[in-house]
1. Mind listing whichever residues of the range 317-334 are over 20 Å from I282 (Cα atoms) and open to solvent by 80 Å² or more (accessible area, probe 1.4 Å)?
2. In this structure, is R216 in contact with a Ser or Thr (Cβ under 8 Å, 6 or more places away or on another chain) and within 21 Å of G412 (Cα to Cα)?
3. Only helices (runs of 4 or more DSSP H) wholly contained in the range 157-256 count here; list those with 2 or more residues that are touching a Pro at 6+ places or on another chain (Cβ under 6 Å) and at negative phi.
4. Scanning for something aromatic (F, W, Y) and open to solvent by less than 10 Å² (accessible area, probe 1.4 Å), does the range 202-216 turn up at least one residue?
5. Under 8 Å by Cβ, and 6 or more places apart or on different chains, what pairs join a residue from the range 81-104 that is free of Cβ contacts under 8 Å to residues at least 12 places away in the same chain with one that is open to solvent by 10 Å² or more (accessible area, probe 1.4 Å) and part of a strand (DSSP E or B)?
6. Determine if the range 332-348 includes at least one residue that is under 22 Å from A399 (Cβ atoms) and of a type outside the set (S, T, Y).
7. Show me the helices (runs of 4 or more DSSP H) found entirely inside the range 335-439 where at least 1 residues are of a type in the set (K, R) and either open to solvent by 30 Å² or more (accessible area, probe 1.4 Å) or closer than 30 Å to F253 by Cα (or both).
8. Within the range 261-303, which residues are over 25 Å from W381 (Cβ atoms), surrounded by 21 or more Cβ atoms within 10 Å (Cβ to Cβ) and over 14 Å from the mean Cα position of the chain (by Cα)?
Amino acid sequence: MKPSARGRLRPSGAASLASMLIVALAALALATFGAEGRGATARQRVRTGLEVLLDHRLDLIRGKRVGIITNPTGILPDLRHGVDALAAAEGVELVAIFGPEHGFRGSAQAGGSEGSYVDERTGVLVYDLYGKDRDAIAQLFRQTGVDAVLFDIQDVGTRYYTYIWTMADALEAAALTGTEFIVLDRPNPTGGIRAEGPVLDPAYSSFVGRYPIAQRHGMTVGELALMFNEVFVPERTGGHRARLTVVPMQGWFRDMYFEETGLPWVMPSPNMPTVDTAMVYIGTGLIEGTNLSEGRGTTRPFELVGAPYVDWRLSQRLDSLNLPGVRFREAYFAPTFSKYAGRTVGGIQLYVTDRDRFDPIRTAIAIMVEAKRLYGDRFQWRSDLWIDRLTGSSYVRTAIDAGRGVDEIVAGWQRDLAAFNALRERYLLYRLRGGGRFR
């Protein structure tokens, strides 16, 4: 069992006055905007932080030089992009757009970006943040002269999805430069009830995991920002915190999946086409750390998993485990790019039959355990041990190599997960439908 991260998860002292005011503001917004939602039907539409800002809180940015970190997901329900709405808003001076991985327009594949350029529609300069560390981002904030930076990106709820770490780096940069940082909250598309999976060991910190949080964090970006700024940012900036404001959503509840929000789904990245993809990616994103294809280069990324050495036995073995909420089909596919491009490979397709019961991380561990048992040394880890960055330590890799079963592996991270859950509850802004806070 890997060493416990319990001590690293404790908040550093009492909550600051600024953070308490932020939480109070969020609670007030929830009471004001969300009261009707406590008996709401799924037909009532959620209002994002972007909408709330434009309709009620432009005072936060009027008279200031404003930058925004965003991508194609930063839209309004009528499909207008937030950048266009902000550029047209009276009294708002939008001076910079900052693009994350995949770029502001979202055209770049994994590990890429679009560079820097002038946005033709608004005439605003777009700056490339991907690959820039905290200090480089701080320099961009100084260079552009921004007084306040907005963050408006749709996350998918998984630790190794990089947008939350762009936010974390930018929070640290804002703490160092005194720049105001405003998070426009959006739904967690896979729900906000559960945190699951291993907690990152800080020794394995990277751009797919800066801070010790669970693989499935079960939080919105606004809730994460509050926790990051209170607990982790001061540890990395000599005790400084950003001047953070979270603009909460109206009418979102923790037990909502994205289809219940009434909002349009925009692909957060090129290989995240649907909410179904986001559900399985929580677990099968780990397949990137192996020599199995994770389905990139197909129309079902992260739902298809395979390799040239895989045959019908993998689907049969996995289905026999009766994992909750999921079934497996024997599948054959030929990726058009990424691993095994142009080759026909054998494998599986995941079918999630019950989202509430489906455990994506246990399922992914089972796939790797059974692939190792069936195919021996033909199943391999990526040579750079990327699996350790994705899982947050060497624990999963070494446990699978040692022949441990799924139950034993999952049991090995429960202590750290319990500590994370205790920390997480301090920063949750939204309730369940019916009024309960937690389940």
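The values are calculated or read from the model by the stated rules, or taken from the named source; none is laboratory data. None of these values were measured; they are calculated from a predicted model. Note that we place each Cβ from the backbone using ideal geometry, even for glycine, and neighbour counts take in every protein chain shown. All accessible areas refer to the heavy atoms of the entire protein, side chains included, with ligands and DNA or RNA removed. Shrake-Rupley method; radii C 1.70, N 1.55, O 1.52, S 1.80 Å.
1. Kept after step one, since they are over 20 Å from I282 (Cα atoms), are these residues of the range 317-334: 317, 320, 330-334.
R317, Y332, listed by residue number.
2. Details: in contact with a Ser or Thr (Cβ under 8 Å, 6 or more places away or on another chain): yes; within 21 Å of G412 (Cα to Cα): yes.
So R216 fits the description; yes.
3. On the way: elements: 163-177, 221-227, 233-236.
Hits in the range 157-256: 163-177.
4. Going through the range 202-216, the residues aromatic (F, W, Y) turn out to be 204, 207, 211.
Next cut, open to solvent by less than 10 Å² (accessible area, probe 1.4 Å) only: 211.
Yes; the residues of the range 202-216 include at least one that is aromatic (F, W, Y) and open to solvent by less than 10 Å² (accessible area, probe 1.4 Å).
5. H81/I75
6. Taking the range 332-348 first, the residues under 22 Å from A399 (Cβ atoms) are 348.
From what is left, the residues that are of a type outside the set (S, T, Y) are 348.
Yes, because at least one residue in the range 332-348 is under 22 Å from A399 (Cβ atoms) and of a type outside the set (S, T, Y).
7. Numbers: elements: 360-375, 386-391, 395-401, 406-411, 414-424.
Qualifying helices (runs of 4 or more DSSP H): 360-375, 386-391, 395-401, 414-424.
8. Within the range 261-303, T261, L263 meet the criteria.
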